[in-house]
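> Attaching a single structure in structure tokens format; questions to follow.
The values are calculated or read from the model by the stated rules, or taken from the named source; none is laboratory data. Every value quoted in this text rests on a predicted model; they were computed, and no experiment measured them. Cβ placement follows ideal geometry from the backbone for every residue including glycine, while neighbour counts extend to all protein chains displayed. Surface areas here come from the heavy atoms of the whole protein model, side chains and all, with no ligands, DNA or RNA. Shrake-Rupley method; radii C 1.70, N 1.55, O 1.52, S 1.80 Å.
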Amino acid sequence: MNSLALLERVSQLTSKYFVVWVLLVSIIALFTPDTFVPIGDYIAPLLGLVMLGMGLTLTPADFRRILERPRDVAIGALAQWILMPAFAYVLVVALGLRWEVGLGLILVGAAPGGTASNVMTYLGRGDVALSVTITSVTTIAAPLVMPAWVVLLAGEQITVTFAEMAQEIVLIVLIPVVAGLLLRLVLDKYAPTAAKAGLSIFPAISVVAIVAIVAAVVGLNVEEILAASAVVFLAVVLHNGLGLGAGYGVGKVTGMAEDRARACAFEVGLQNSGLAVAIAIAFFDPVAALIPALFSVWHNVSGPALATVFTQIDGEPVAEYEPEIASD
């Protein structure tokens with residue numbers, strides 16, 4: 001086995017057991033929080049590294065698809081932009097979550113789609129090209145959409161401004177994604193072997209970064225996690241479930257083909273909770289990162305479960321995914 005094949009194998013194994021790593025490190029962090037608390041200072045750079053990896057997976061063809069299928073891209077993006085923040089706000093009010101905690105749910109709802117949605121779309125026999133395109137669009141628009149929703153829904157409860165949040169999101173999301181895209185273009189042209197190696201190893205690097213972020217958040221919020229009521233966990237499960245169900249429903253109601261409706265389900269339901277964690281840590285009380293951290297774990301359980309349901313409907317086993325896109 002050559003070195004590139006070995007890298008690919010290691011990356012596949014790391015990504016395949018992503019949920020296991022998240023659960024394991026979360027348990028360890030509950031018992032030894034001081035080990036992981038220092039990582040909290042590096043959450044934004046770690047997320048930037050994940051976004052760089054996302055940029056490396058993008059090509060000009062992904063953006064040409066916006067012109068080729070503008071209707072489905074617009075429906076998926078609008079559903080995610082509108083439904084998830086609305087669901088979050090309704091759940092915060094209906095479940096009576098205190099604002100310091102509920103703000104985390106609003107941050108998750110306002111966040112762009114996560115790259116985990118691309119993986120789950122593949123596993124669930126959805127339209128991967130559409131999924132990647134919607135993720136790209138919502139990520140690029142995040143510096144405008146995310147702070148706008150947070151200010152609108154929680155404006156009276158926060159002191160941070162739209163401009164401050166937008167600037168932070170540009171730094172940790174938009175710039176790394178664009179840098180990754182440009183780096184991919186250069187490597188494809190001048191060093192294709194290096195480009196392939198990068199795509200092979202970056203999913204594993206992204207998994208390690210996300211696991212480190214989750215560990216830091218757990219370490220910073222041990223007392224809150226241990227004291228968290230069932231209502232907090234219920235909010236996470238309901239928010240994710242509503243997103244998955246509504247995304248699929250919107251796809252079917254608007255006449256999308258089955259594979260595109262599945263992509264829409266995962267795009268709406270699986271958020272970039274890592275970004276929500278970073279914004280919570282940067283601007284708000286650390287307890288605001290509690291729900292995004294729990295969401296990071298839960299959506300990597302519900303996503304594969306829904307993908308399995310879809311494949312069982314098709315009468316086919318779940319594919320072994322060879323990752324080109326990092327989970328989050």
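> Has the stretch 63-71 got at least one residue that is surrounded by fewer than 23 Cβ atoms within 10 Å (Cβ to Cβ), of a type in the set (Val, Ile, Thr), more than 17 Å from the chain's Cα centre (by Cα) and within 29 Å of ALA230 (Cα to Cα)?
No; the residues of the stretch 63-71 include none that is surrounded by fewer than 23 Cβ atoms within 10 Å (Cβ to Cβ), of a type in the set (Val, Ile, Thr), more than 17 Å from the chain's Cα centre (by Cα) and within 29 Å of ALA230 (Cα to Cα).
> Which residue is nearest to VAL137 (Cα to Cα), if the candidates are limited to the stretch 241-266 and must be in contact with a helix residue (DSSP H, G or I) (Cβ under 7 Å, 6 or more places away or on another chain) and open to solvent by 50 Å² or more (accessible area, probe 1.4 Å)?
Out of the qualifying residues, it is ARG260.
> Just to be sure I understand, how many residues within the stretch 267-292 are open to solvent by less than 10 Å² (accessible area, probe 1.4 Å) and either closer than 17 Å to LEU238 by Cβ or among the charged types (D, E, K, R) (or both)?
Summing the residues that are open to solvent by less than 10 Å² (accessible area, probe 1.4 Å) and either closer than 17 Å to LEU238 by Cβ or among the charged types (D, E, K, R) (or both) in the stretch 267-292 gives 10.
> Output the residues belonging to the stretch 83-94 that are closer than 14 Å to ASN240 by Cα and either in contact with a Ser or Thr (Cβ under 7 Å, 6 or more places away or on another chain) or open to solvent by 20 Å² or more (accessible area, probe 1.4 Å) (or both).
Residues satisfying the conditions are LEU83, ALA86, PHE87, TYR89, VAL90.
> Cβ contacts < 8 Å: first residue over 23 Å from VAL25 (Cβ atoms), restricted to the stretch 190-209; second residue at pLDDT below 80 and surrounded by 15 or more Cβ atoms within 10 Å (Cβ to Cβ), any location; separation 6+ or different chain. Result?
Close Cβ pairs (under 8 Å, with a partner that is at pLDDT below 80 and surrounded by 15 or more Cβ atoms within 10 Å (Cβ to Cβ)) amount to ALA197/LEU7; LEU199/THR57; LEU199/GLU324; SER200/LEU7; SER200/GLU8; SER200/SER11.
> Which one of GLU223, GLU258 is at pLDDT below 90, farther than 26 Å from LEU49 by Cα and among the charged types (D, E, K, R)?
On the way: GLU258 fails: at pLDDT below 90.
None of the other options fit; the residue is GLU223.
> Something else: Every residue in the stretch 139-159 that is crowded, with 17+ Cβ neighbours inside 10 Å, in contact with a Pro (Cβ under 9 Å, 6 or more places away or on another chain) and within 13 Å of LEU107 (Cα to Cα), please.
ALA142, VAL145, MET146, TRP149, VAL150, LEU153
Residue-wise test of (1) within 16 Å of the chain's Cα centre (by Cα); (2) in a helix (DSSP H, G or I); (3) on the phi > 0 side of the Ramachandran plot.
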site	(1), (2), (3)
GLY76	yes, yes, no
GLN80	yes, yes, no
THR121	yes, yes, no
SER131	yes, yes, no
THR135	yes, yes, no
VAL151	no, yes, no
THR159	no, no, no
ILE169	yes, yes, no
